[in-house]
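What follows is one structure encoded as structure tokens, with my remarks underneath.
The values are calculated or read from the model by the stated rules, or taken from the named source; none is laboratory data. All values derive from a computational prediction rather than experimental measurement. Here the Cβ is made from the backbone with ideal geometry for all residues, glycine too, and neighbour counts use every protein chain on show.
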Amino acid sequence: MPQSNRLGRANLPCQLSNPLESFYTVGLLVALDDATGGRGEVAERVLVVEDNDLNRKLFCDLLRANGLTVEPVADGHNVLDIARSFEPDLVIMDIQLPNISGVDLIEALKADETLRRVPILAVTAYAGKGDEDRIRQAGAEGYLSKPVSIQPFMNAVNALLDRRAAA
């Protein structure tokens, strides 16, 4: 008799009905266990909003190398819809985006009932006097100026993810 279940945060259907399906399902569960450090949870999810291709690739590669699930976004106009469907645990937001301000997007994310608790790490090359205060007042919990070094970037990401987990 098949045994039905749902698997993981993505709510994937899981049917154990024959030995071959069971073999592949066990393999998937072992891979999931390895990917999550034995916690049985799906990796934390990070939405990366960055229009510069090289910066976006660097951020995504670093995050993936550290076991995080990443959704890259180059166009700020779709951020709210993508964030609602992706359900991130953290948003990394470039401030200088074409046609839309990263500060405006931060305010919109914080005004959204389903997204307001998601921490935001602002990353910007525009680091004038008073900019960090303005960006934090918009709702960003973290702030880094470009060029970004690997260790401070990952420290900021981990601090915001850890703070969310503790809440």
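Some values worked out for this structure:
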| item | result |
| --- | --- |
| So Gly76, is it on the phi < 0 side of the Ramachandran plot, touching a residue at least 24 places away in the same chain (Cβ under 8 Å) and assigned by TED's automatic domain parsing to the domain that holds Asp112 | yes |
| Some residue of the range 78-101 being assigned to a helix (DSSP H, G or I) and modelled with pLDDT under 95 | yes |
| Number of positions in the range 116-167 that are of a type in the set (A, V, I, L, M, F, W, C), closer than 27 Å to Leu54 by Cβ and in a loop (DSSP other than H, G, I, E, B) | 5 |
| Filter result for Thr69 (modelled with pLDDT of 95 or more, in contact with a strand residue (DSSP E or B) (Cβ under 8 Å, 6 or more places away or on another chain) and of a type in the set (Ser, Thr, Tyr)) | yes |
| Any chance Asp131 is farther than 20 Å from Glu44 by Cα, touching a strand residue (DSSP E or B) at 6+ places or on another chain (Cβ under 8 Å) and surrounded by fewer than 21 Cβ atoms within 10 Å (Cβ to Cβ) | yes |
